[in-house]
Each structure stands twice: as C-alpha cells, then as structure tokens.
Amino acid sequence: MKQHQFGGSWTRQKLEVLRKYLNAYMTIFTKNKRASFFHTVYVDAFAGTGYRTLADPSEAPLLAEITEEDNQNFLKGSARIALELEKPFAEYLFIEKQNDRVAELEHLRKEFPNRRIQIKQGDANNILQEWIQNTNWDRTRAVVFLDPYGMQVEWSLIEAIAKTRAIDLWLLFPLGIGVNRLLTKNAPPPKQWEQKLTRFFGTDEWRNRFYQCQTTMFGDKVEQKNANFASIQNFFIERLQTIFAAVAPKPLVLTNSHNNPLYLLCFAAGNPKGAKTALRIANHILSHPS
C-alpha cells in the first residue's frame, strides 16, 4: 500500500473529534423518525489514501486501536473512519487531486462493498460547488470535512456550503502554517499574498484587523502587523458566524511537538432547525477531544 504520511499527535486529535461527531450525527439520523427521512452524505474533500502514516513510530504505543498494523506503520484516515461507522451514511463522496491517492481510495470500494462510495478526482473547490448545485437539499443532509494541508479552500466554497442550510462543516483552518505566515510583520503582504488572503477570508477586511498604521521616529507612516493567533482565530470565527446558523466559538487548537499552533479545527452548522443540537454535540467533543 502506498502510504500517505502527514501529521502527528494533533492528527490523532483531529480524527478522534471527527469520529465522535460522525457517530453522534448518524445516531440521530437513524434513531429519530423525522431525521431518518433525509438522505445522509459524508464528504471528505481532501481524502488522501484513506490512511494516515505515522509520522513517528513512537506514536504507535499511545494508540489503543493499533494492533498488528503497527508493523505497517499506518493509521486510519478520515475516509476509513467514516466508512467504518456502525451506523453508516447513505452515501460517501471522496475527493482527491493526486492520481496515486485516487487509486488507493478506489480500493475502499472493494473493501466496503455495502457502502455507496463516489470518488472524484480534481479540485475540491470546483467539485464541491458542482455537487452542491446538483443536490436536492430538501431531502439531503450532509457532513463535509474540509481537511487541506494549506489554504486551498476558498471562501466562495464555504459560503456555498452555508447557503444549503443542510450541511454541518468541519474545517481545518491553517492558522500557523498558512495565514499567519502570509501576514508579514513590518509591511502589508505582497500583492499575490494579499489576493490569496482575500480569497480565503472572502473579504479584504483582514487588512484593517491585522495591520495598523504607525508613525516612525522620522515621521513616516507605515503599516505594521498587530495580529496574533488569537485575533486571527476570532476574525475567522466571526466570518463563519455571518453565514452559518451556528458556529463553535472555541475551535480546537492543534499544535506541533513544540506547542506551536498549526491549525484550528472549526465547526459550523448550516441547518437552523438542527443547529442547536449540532452545536451542543460539537462543543462537547471539542472540549473533550481525546
């Protein structure tokens, strides 16, 4: 098996949060008569191979679920976790750009013959936009997991997801490895980075929030960065709150071995009727990620 290596202990946290939420979600949609009316879909937009390779073999003893697979040095990825649910979704959509990873995902069809699986290759922004447009949201409810390595997700996609009023979104926000790095310290970012940040946030208001005008000792006016991890997090949560029915106010901060923030695991509920319950479940899981 071709192994897709990325992540460390923070990846375990992320996957455990997702697993808990998907279990709770499908429990509701199988036991509640009104909820069982809907066709349920799980979407993994950066699905990889369905496995995550351990970044460090020393992680293995910390994971109770690892058995003889320790020798192969891989863990379950988000696609596999979703497929192994005791109460599965009616349909699964996995999106991946790279050829070799798509080929590996295809093996999941044979391994899970009783699951309805779609695998699409290409840019997640375009494929998801098309899927959203072609889905009957009067009869469909979905959980979408946007798990990019960097800043591949555009605000236009997040906005389209919110407009369905039928999707619960889990999103990996690139706090330390993406956004903060583009926010240059002693001057605003170069044009190309500015455009990337604006596409990502869906507004250029980030400039007013993250930079302030300073006067030098020579009387010159300069713009300097005044953003930190907390202010970046707050701004993004505020942006989500403008379009979703409910948003978890305290996303899970995922850090590296040096305790430096890498990502935020964010949650937003799109359906106004189910938002209160979804948010209560998500908040509980986010506050108890392990």
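The values are calculated or read from the model by the stated rules, or taken from the named source; none is laboratory data. Just so it is clear, the structure is predicted and the values come from calculations on it, not from any experiment. No Cβ is skipped: glycine too gets one built from the backbone with ideal geometry, and neighbour counts run over all protein chains shown.
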Neighbours by Cβ (under 7 Å, 6+ apart or cross-chain): first from region 115-133, within 13 Å of Asp44 (Cα to Cα); second hydroxyl-bearing (Ser, Thr, Tyr) and surrounded by 15 or more Cβ atoms within 10 Å (Cβ to Cβ): Ile117/Tyr92; Gln118/Tyr92
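Please find, among Gly270, Gly178, Gly202, Gly219, the residue that is within 19 Å of the chain's Cα centre (by Cα) and modelled with pLDDT under 95. Working first, answer last.
Values: Gly270 fails: modelled with pLDDT under 95; Gly202 fails: modelled with pLDDT under 95; Gly219 fails: within 19 Å of the chain's Cα centre (by Cα).
Among Gly270, Gly178, Gly202, Gly219, only Gly178 is within 19 Å of the chain's Cα centre (by Cα) and modelled with pLDDT under 95.
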List every residue pair whose Cβ atoms lie under 9 Å apart, where the two residues are 6 or more positions apart in sequence or sit on different chains, the first residue falls within region 1-24 and is among the β-branched types (Val, Ile, Thr), and the second residue, located anywhere, is modelled with pLDDT under 50. Thr11/Arg52; Thr11/Ala55; Thr11/Leu75
